[in-house]
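*Asks:* Okay, here's the structure, questions in a sec.
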Amino acid sequence: MLDREEVRGLLEAVVLVVPCNVCGEELEVTLGQVAGSHDALCAGCLARGESECPAMAYARLLDRETIEGLAAAWAQLQEHARRAGGRVLIRPLPEGA
């Protein structure tokens with residue numbers, strides 16, 4: 001099972017690239033930001049819309065279950081690699097990929 005730091009590291013390593021609804025430029029949002037937005041909303045954010053609460057904008061990008069599924073799959077990959085005497089790494093993508 002992953003500890004909190006490992007989950008945080010994984011979620012910060014995975015980035016969603018989405019277009020801005022206002023200017024059209026590409027925005028990079030980490031899964032950590034999305035997960036944090038879900039946490040803020042679950043804590044009882046009283047905002048009425050995305051203009052009052054940026055967390056609402058991030059939370060709509062990906063549901064919590066998908067993020068938790070990725071963390072569980074990563075833990076399973078690590079366990080299989082550990083049993084084989086190895087480990088799993090995330091390498092940065094080459095420029096332009």
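*Asks:* Which residue is farthest from the chain's Cα centre (by Cα), if the candidates are limited to the range 1-41 and must be closer than 16 Å to Gln78 by Cα and of a type outside the set (A, V, I, L, M)?
*Replies:* Only one residue tops the list, namely Asp3.
*Asks:* Oh, and also: So the check is Cβ under 7 Å with 6+ separation or different chains; which pairs have a first residue in the range 61-85 that's over 23 Å from Leu16 (Cβ atoms) and a second one that's β-branched (Val, Ile, Thr) and outside any helix (DSSP H, G or I)?
*Replies:* Ala81/Val88
*Asks:* Something else: Given the conditions (1) in a helix (DSSP H, G or I); (2) modelled with pLDDT of 80 or more, report the number of the one that Ala55 does not fulfil.
*Replies:* Against the list (1) in a helix (DSSP H, G or I); (2) modelled with pLDDT of 80 or more, Ala55 comes up short only on (2).
*Asks:* Next up: If we keep just the residues of the range 28-40 that are surrounded by 16 or more Cβ atoms within 10 Å (Cβ to Cβ) and farther than 18 Å from Glu6 by Cα, which is modelled with the lowest pLDDT?
*Replies:* Filtering first and then ranking leaves Ala40.
*Asks:* Could we say that Arg87 is basic (Lys, Arg), assigned to a helix (DSSP H, G or I) and modelled with pLDDT of 80 or more here?
*Replies:* Here the answer is no, as Arg87 does not meet what is asked.
The values are calculated or read from the model by the stated rules, or taken from the named source; none is laboratory data. Only a predicted model underlies this, so the values are computations on that prediction, with no experimental measurement involved. Don't worry about glycine lacking a Cβ; one is built from the backbone with ideal geometry, like all the others, and counts go over all protein chains shown.
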